[in-house]
Amino acid sequence: AVGERGWPGGIIGVVLSWGNKRTPDQSAVQSSTKRHVRLVTVAYDPEEPKQGFAATLSDAGVLALQVSFGKRDLERWDADTTLRSCLGNRAARDAADVRTAKCEKQVRASVGSGAATTVSIAWDEFLGQPALLAMSDESQRDHITGLATHLEWVTEIVARAVAHPVAKGALRDCLDVVTIRCDPDGSPLAYSFDKGVFTITVSVPGMVCARRAKKNAPRETKLLTTLRLRFLVGCHLTYERAVGEAFLKQHADNAAALCKIPSLSITLNWSLMEEEWFRNMTPEDQAQMFATLCDVFPRRLAGRDLVAVCGHPIGARCVADNIKAVDISCTAGSGGHAAITATDRGLLATVAYGGTAEVAEGRYKEKIEFAYDLVVAIAADNAVPLHEDLQASIAAPLGRPFPLAIPLDFTKTDVFRALPPPEMADIVTILHRLPPLVGAAGSAEEQDTGLLGALCHADVVDRLVGKLHIESAEVQVDVTDQVAAPGRWSIVGSKIVFSVSLCHAMAMDSQQDWRQRALDLLDLVETVAILETRDTRERTVDCQLQRALGTVVPISLNWPAYKAEPDYRSKSARDRFRIASHLQTYVLQSLFIGNAGITGGRGLAEFSETVAAFLARVKQIAVQPSGPRCALDGDTLRIAVSTDAAQQCSLGDGKGSVSGIFASVEAELGLRVVREAAAVARARARVERGCAGVGVPCEVDWDAFVATSYVRRSDAYVALIDDASEKAVSSLAGPSGGFRDQSLVSMNLVSSKKFSAVVLVYDTTNRIKHNPGVTHSLIPHCFRASLEGATLRILTNVSNGGGGGGGGGRGYFLTWR
């Protein structure tokens, strides 16, 4: 029955006939079957096997085939799947056994000295698991071979671990058996060690082993590591101490060489391993802590910061005389940088175990210096070049030595010594660079140059030395923090003193107005602002005004009045300096330059008659903080600009805080009559010149035009007069432009000799709507023409185009008869 009909080749033929690539190698299946099958038994099963056919292979070599009794009469028993699983699994097991034997050989070689360690798989615990048998035959074989992969990974970890003699000795002495067992209800993967037996316990899903360790894998699926292996066999702490001491010696020798001292020892107080808080840590956390304490921390503390202390002669002497050892102690705590104290041996570094991750970020150079009272001494010595440069920089513009004293007696106070050592050093350094004197570092909006930047002006030097008789400077630090931020300048006898609270010293570089504050002390804020804007004012205001008026009209700013204003006095020195600068530049430009001022082509200087009338009454101009917008006081024209308006004024900002002065000047001096007459004269000449080709005199009734409310109420009256003259020329003497666009010249009406003059009268109310009595729809109705004696009088809307017929233009001449 086994070898007939549908089963050509018998049992082996069935297995080999299935060509899926995931089946074991055909020769391997064949060899495994021949090796293990000694007897085949066939029996009917009245309990109906699940698939109608079952096959099992015992360790004794009995291949037992069970056939469903109900299917006994079928021509072919469906045994393919079960036979493949049974015989294929045996072949997979054989392959796993070969790999297991290789692992055993490698483990023995790694451990060495004739070790008799055995490596095995508890097959009986796995092969009968219902969860395994319920899988496809391919999955079953993946899980079976996965057990060998687990053993290969452990073998590799053993090989890595024995690279250190501590782990090798421990494994040689205690590792007898490596086995892998099944726990169907347990976690996917677990490792244990007890009495020489290293056990890998997996569930059925855990039989398949990952090919490589995953760093962030869950604990229950994480593969064995050398650290965990050392922990299981009990040599973890011995190993960590041996490795840690090697690192400590390496860093000690390196630091001694760089510090140029005979020897240095770095030790760790290993008694911490007896502490309860330490024993409650995971092995991984313990190893990480030792890596920090024995490698990362001493590399930074000794290899970098202790060497940095020796970079200064004072520090090098101190290290050579006092530091022979660095002792590291770890205690329970919540974290933070290590505390450094001086001992008879040298340095004691105390680290809180909760802060081992932070110790690599600490600044220990200043802490070492603080422990030996070197912070201020080294920082002050390093600042000597800065101090000398400051004194030389001050002496150069003054023309004589100018001592600068920076007493450091405040560094002896408890308040100062309670500060972090890095901050102590930074405070001493910034005091010797003194931003109030040289300006803050990194000024962006306005470059701050401090008091030193103002000494380029002779007025400042004269005030400081000639009038105040200042001979030296001094810095005073108030540890009681009574000096308001950011600090203040003062004059004490023949000294100029800068005082600052200790708590504000580090903020001096963030202040951007030290120069203005120094000028305020000397009462020179406005003086220096005038000096520094003089060229800009001359170029943008004075020269342009002189060119427009043909002469110099002095402009002065009433500084005493501005300085007496409460609003001005209440502002900071920086704001007052900005206001003074704006008054000298932006404000004067806004007032006098352009069409809204005096110099523009449409401003006061447009007509020489207006300029002459202005100069006849105004000899000088004064700008002051209060009073009428514009007022004539004798021959002085006074103009008011408030401090707020001056502070906000800047060209092109669109705020309009200061507007041009022309309209106010015109009203105050009564210049409209003069300017209007000049505009009419220019318009009359333009009409006369433009209409010369008409053949008869042409003019506009200007008296009537300028007397209308249309012109009288308009500030743009000059533009209205100009527009009226251009329209008159276009209407009376323009070229032909079609039927609707005819002039006196184009129609040749002068040749009729019916009139000898033309007068154009504008109706500024635009109410003319006259039907000339013709029917042509293109004839406009916005004008009326009449002959008064020998004068042709034309009345037209100032804005043509309303009412009847076509639009405006010159077509009204067609209606005159």
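Results for (1) within 23 Å of Pro486 (Cα to Cα); (2) open to solvent by 60 Å² or more (accessible area, probe 1.4 Å), shown as yes or no for each residue.
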| position | (1), (2) |
| --- | --- |
| Ala396 | no, yes |
| Leu408 | yes, no |
| Leu419 | yes, no |
| Glu423 | yes, yes |
| Ile427 | yes, no |
| Ile430 | yes, no |
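Answer yes if at least one residue in segment 605-618 is assigned to a helix (DSSP H, G or I), under 25 Å from Ala564 (Cα atoms) and free of Cβ contacts under 8 Å to residues at least 12 places away in the same chain, and no otherwise.
Within segment 605-618, not a single residue is assigned to a helix (DSSP H, G or I), under 25 Å from Ala564 (Cα atoms) and free of Cβ contacts under 8 Å to residues at least 12 places away in the same chain.
For the condition crowded, with 18+ Cβ neighbours inside 10 Å, without any contact (Cβ under 8 Å) to a residue 60 or more places away in the chain and in a strand (DSSP E or B), what is the one hit in Ile340, Ile328?
That would be Ile340, the only listed residue that is crowded, with 18+ Cβ neighbours inside 10 Å, without any contact (Cβ under 8 Å) to a residue 60 or more places away in the chain and in a strand (DSSP E or B).
Looking for something in contact with a Pro (Cβ under 7 Å, 6 or more places away or on another chain) and not charged (D, E, K, R) - is there at least one such residue anywhere in segment 116-137?
Yes, because at least one residue in segment 116-137 is in contact with a Pro (Cβ under 7 Å, 6 or more places away or on another chain) and not charged (D, E, K, R).
Can you spot a residue in segment 307-320 that is in contact (Cβ under 8 Å) with a residue 40 or more places away in the chain, open to solvent by 60 Å² or more (accessible area, probe 1.4 Å), under 22 Å from Gly362 (Cα atoms) and of a type outside the set (A, V, I, L, M, F, W, C)?
No.
To keep it simple, each residue is scored yes or no on (1) on the phi < 0 side of the Ramachandran plot; (2) touching a strand residue (DSSP E or B) at 6+ places or on another chain (Cβ under 6 Å); (3) not acidic (Asp, Glu).
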| site | (1), (2), (3) |
| --- | --- |
| Ile593 | yes, no, yes |
| Arg602 | yes, no, yes |
| Leu615 | yes, no, yes |
| Gln620 | yes, yes, yes |
| Asp633 | yes, no, no |
| Arg638 | yes, yes, yes |
| Asp644 | yes, no, no |
| Cys649 | yes, no, yes |
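Being under 55 Å from the mean Cα position of the chain (by Cα) and free of Cβ contacts under 8 Å to residues at least 24 places away in the same chain: is that true of Ala159 here?
When the stated conditions are applied, Ala159 does not pass them.
Restricting to segment 174-192, and then to whatever is in a loop (DSSP other than H, G, I, E, B) and touching a residue at least 24 places away in the same chain (Cβ under 8 Å), can you tell me which residue is least open to solvent (accessible area, probe 1.4 Å)?
Within segment 174-192, the match that is least open to solvent (accessible area, probe 1.4 Å) is Leu175.
Of these, Gly466, Gly450, Gly487, Gly493, which one is of a type in the set (Gly, Ala, Ser), loosely packed, with under 15 Cβ neighbours inside 10 Å and at positive phi?
Only one candidate passes the filter, namely Gly493.
What are the residues in segment 246-304 that are open to solvent by 50 Å² or more (accessible area, probe 1.4 Å), closer than 27 Å to Leu229 by Cβ and of a type in the set (Gly, Ala, Ser), if any?
Ala246, Ser271, listed by residue number.
Could you grab me the full set of residues in segment 519-555 that are open to solvent by 60 Å² or more (accessible area, probe 1.4 Å) and not in a helix (DSSP H, G or I)?
Asp523, Gly550, Val552, Pro554
Looking at segment 669-686, which of the residues that are more than 60 Å from the chain's Cα centre (by Cα) and open to solvent by less than 20 Å² (accessible area, probe 1.4 Å) is farthest from Ile621 (Cα to Cα)?
The extreme case among them is Ala683.
Kindly list, by first and then second residue, each pair from a residue in segment 255-266 that is among the small types (Gly, Ala, Ser) to a residue that is assigned to a loop (DSSP other than H, G, I, E, B), limited to pairs with Cβ atoms under 7 Å and residues at least 6 apart or on different chains.
What qualifies is Ala255/Leu264; Ala256/Ser263; Ala256/Leu264.
From (1) surrounded by 15 or more Cβ atoms within 10 Å (Cβ to Cβ); (2) farther than 19 Å from Val798 by Cα, pick out the condition that doesn't hold for Val711.
The number of the failed condition is (2).
Among the residues in segment 359-372, are any surrounded by 15 or more Cβ atoms within 10 Å (Cβ to Cβ), within 18 Å of Met508 (Cβ to Cβ) and touching an Asp or Glu at 6+ places or on another chain (Cβ under 7 Å)?
No, because not a single residue in segment 359-372 is surrounded by 15 or more Cβ atoms within 10 Å (Cβ to Cβ), within 18 Å of Met508 (Cβ to Cβ) and touching an Asp or Glu at 6+ places or on another chain (Cβ under 7 Å).
Take segment 556-605 and flag every residue that is under 30 Å from Asp722 (Cα atoms), surrounded by 19 or more Cβ atoms within 10 Å (Cβ to Cβ) and not β-branched (Val, Ile, Thr).
Scanning segment 556-605 gives Leu588, Gln589, Ser590, Leu591, Phe592, Gly597, Gly603, Leu604, Ala605.
Looking only at segment 270-287, count every residue that is closer than 11 Å to Tyr353 by Cβ, part of a helix (DSSP H, G or I) and of a type outside the set (A, V, I, L, M, F, W, C) and tell me the total.
Qualifying residue count, segment 270-287: 2.
Among the residues of segment 161-173, are any farther than 25 Å from Lys195 by Cβ and touching a Ser or Thr at 6+ places or on another chain (Cβ under 9 Å)?
Yes - at least one qualifying residue is present in segment 161-173.
Just to verify a result, which residue in segment 107-124, among those that are within 27 Å of Val29 (Cα to Cα) and open to solvent by 50 Å² or more (accessible area, probe 1.4 Å), is nearest to the chain's Cα centre (by Cα)?
If we take residues in segment 107-124 being within 27 Å of Val29 (Cα to Cα) and open to solvent by 50 Å² or more (accessible area, probe 1.4 Å), then Thr118 is nearest to the chain's Cα centre (by Cα).
(1) within 22 Å of Ile496 (Cβ to Cβ); (2) under 35 Å from the mean Cα position of the chain (by Cα); (3) in contact (Cβ under 8 Å) with a residue 60 or more places away in the chain: which one isn't true of Asn382, the others all being true?
Failing condition for Asn382: (1).
Out of the residues in segment 687-705 meeting the condition of being free of Cβ contacts under 8 Å to residues at least 60 places away in the same chain and surrounded by fewer than 18 Cβ atoms within 10 Å (Cβ to Cβ), tell me which one is nearest to Ser799 (Cα to Cα).
Looking at the filtered set, the residue picked out is Ala704.
Checking the structure you have, find out if any residue of segment 443-465 is under 12 Å from Met508 (Cβ atoms), at pLDDT 90 or above and of a type in the set (Val, Ile, Thr).
no
Restricting attention to segment 112-142, which residues are more than 23 Å from Asp185 (Cβ to Cβ) and in contact with an Asp or Glu (Cβ under 9 Å, 6 or more places away or on another chain)?
Ala115, Ala116, Thr117, Thr118, Val119
Of everything in segment 139-173 that's over 21 Å from Ala122 (Cβ atoms) and of a type in the set (A, V, I, L, M, F, W, C), which residue is most open to solvent (accessible area, probe 1.4 Å)?
Ala163
Which members of segment 477-513 meet the condition of being among the basic types (Lys, Arg) and either in contact with an Asp or Glu (Cβ under 6 Å, 6 or more places away or on another chain) or not in a strand (DSSP E or B) (or both)?
Lys495
Would it be correct to say that Glu423 is in contact with a Pro (Cβ under 6 Å, 6 or more places away or on another chain) and part of a helix (DSSP H, G or I)?
no
Quick one: Arg740 ticks every box in (1) out of contact with any Phe, Trp or Tyr (no Cβ under 6 Å at 6 or more places or on another chain); (2) modelled with pLDDT of 65 or more bar one, so which box is it?
Every listed condition holds for Arg740 apart from (2).
How many residues are outside any loop (DSSP other than H, G, I, E, B) and either more than 25 Å from Met281 (Cβ to Cβ) or free of Cβ contacts under 8 Å to residues at least 40 places away in the same chain (or both) if we restrict to segment 345-379?
Qualifying residue count for the region: 20.
The values are calculated or read from the model by the stated rules, or taken from the named source; none is laboratory data. Model, not experiment: these values are computed from the prediction. We place every Cβ from the backbone using ideal geometry, glycine too, and count neighbours over all the protein chains shown. For accessibility, only protein heavy atoms count, side chains too; no ligands or nucleic acids. Shrake-Rupley method; radii C 1.70, N 1.55, O 1.52, S 1.80 Å.
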